[in-house]
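Student: Input: one structure, supplied below.
The values are calculated or read from the model by the stated rules, or taken from the named source; none is laboratory data. All values derive from a computational prediction rather than experimental measurement. All Cβ positions, glycine included, derive from the backbone under ideal geometry; neighbour counts span all protein chains shown. Heads up: the accessible areas ignore ligands, DNA and RNA and are worked out on the full protein's heavy atoms, side chains in. Shrake-Rupley method; radii C 1.70, N 1.55, O 1.52, S 1.80 Å.
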Amino acid sequence: PIPETNFSISPSTLVYPNTLVNFTNTSTGGSNYSWIFDDPTSGANNFSISTSPSHIYPNEGEYCILLIASNAGGCSDSVKYCIIVEGESTIFIPNIFTPNGDLSNDVFMVSSSHMKEITYSIYDRWGLLMAEINGLNTGWNGETKNGKIAPDGTYFFVLKAKTNNGKTVEKEGYIQLLSK
C-alpha cells in the first residue's frame, strides 16, 4: 500500500528568525522519511532523514517544507507545507515634526515593521480631532480638517495597530508640531 504522508509544525503560527521549529511526522504506512526544509543557506542541514526532525531558520522569508515517505515496497507519497519566518513587530512614533514645506520631516508618520494595520487619531490640546490616519504608509501633514496648517504646539495621538500574527497594540502620547 502507498504511505499516507502528513506532518505538523510547532510553532504553527508565525515563526521568528532563529527559533527552533519542530516537525512531527504523522504519516502512516511509511518506513523511510526524507525532509527538505527549503533553506538552502543551511547547507547539509537543509535535509533530514529523521522521523520527526527540527530545524532553525535564521532568515526571514517563506519556506515550504517537503516530506517524502516511502515503504519497503518502493511506494512513496509526499506532502508540502509552508511557514513564514518573520521578525518581531515594531512601531516607531516620532515626537516632533516640521510641516514647513522644506521636504524634510514635513509629515508626522508612524513607521513600523511586520504590522498588518495601523490607525491613529490626532487631537489638539482642547480635544478637537485634527486628523484620522488609517494605513501603514500615510501620515498627518499638519493640516486641520479645513486645509489650513495647524498652529505650532503639542498634540495628542491615540494609536491602534494589529501585528501580522494578530496581536493588538495600543499606544498614546504627545507630538510636537513646529512649522518654523
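Student: Restricting to region 106-136, name every residue that is under 27 Å from Asn165 (Cβ atoms) and aliphatic (A, V, I, L, M).
Tutor: Met109, Val110, Met115, Ile118, Ile133, Leu136
Student: Of all residues in region 1-24, count the ones that are β-branched (Val, Ile, Thr) and farther than 17 Å from Asp39 by Cα.
Tutor: Matching residues across region 1-24 total 4.
Student: Filter region 32-55 down to the residues that are over 24 Å from the mean Cα position of the chain (by Cα), at pLDDT 95 or above and open to solvent by 40 Å² or more (accessible area, probe 1.4 Å), then identify the one that is nearest to Glu86 (Cα to Cα).
Tutor: That would be Ile36.
Student: Can you tell me which of Pro17, Pro58 is in a loop (DSSP other than H, G, I, E, B), in contact with a Phe, Trp or Tyr (Cβ under 9 Å, 6 or more places away or on another chain) and within 17 Å of Cys82 (Cα to Cα)?
Tutor: Details: Pro58 fails: in contact with a Phe, Trp or Tyr (Cβ under 9 Å, 6 or more places away or on another chain).
Going through Pro17, Pro58 in turn, the sole match is Pro17.
Student: Within region 72-86, which residues are of a type in the set (A, V, I, L, M, F, W, C), more than 28 Å from the chain's Cα centre (by Cα) and open to solvent by 60 Å² or more (accessible area, probe 1.4 Å)?
Tutor: Of region 72-86, the ones of a type in the set (A, V, I, L, M, F, W, C) are 72, 75, 79, 82-85.
Those left that are additionally more than 28 Å from the chain's Cα centre (by Cα): 72, 75.
Once the filter is applied, which keeps residues that are of a type in the set (A, V, I, L, M, F, W, C), more than 28 Å from the chain's Cα centre (by Cα) and open to solvent by 60 Å² or more (accessible area, probe 1.4 Å), region 72-86 yields only Ala72.
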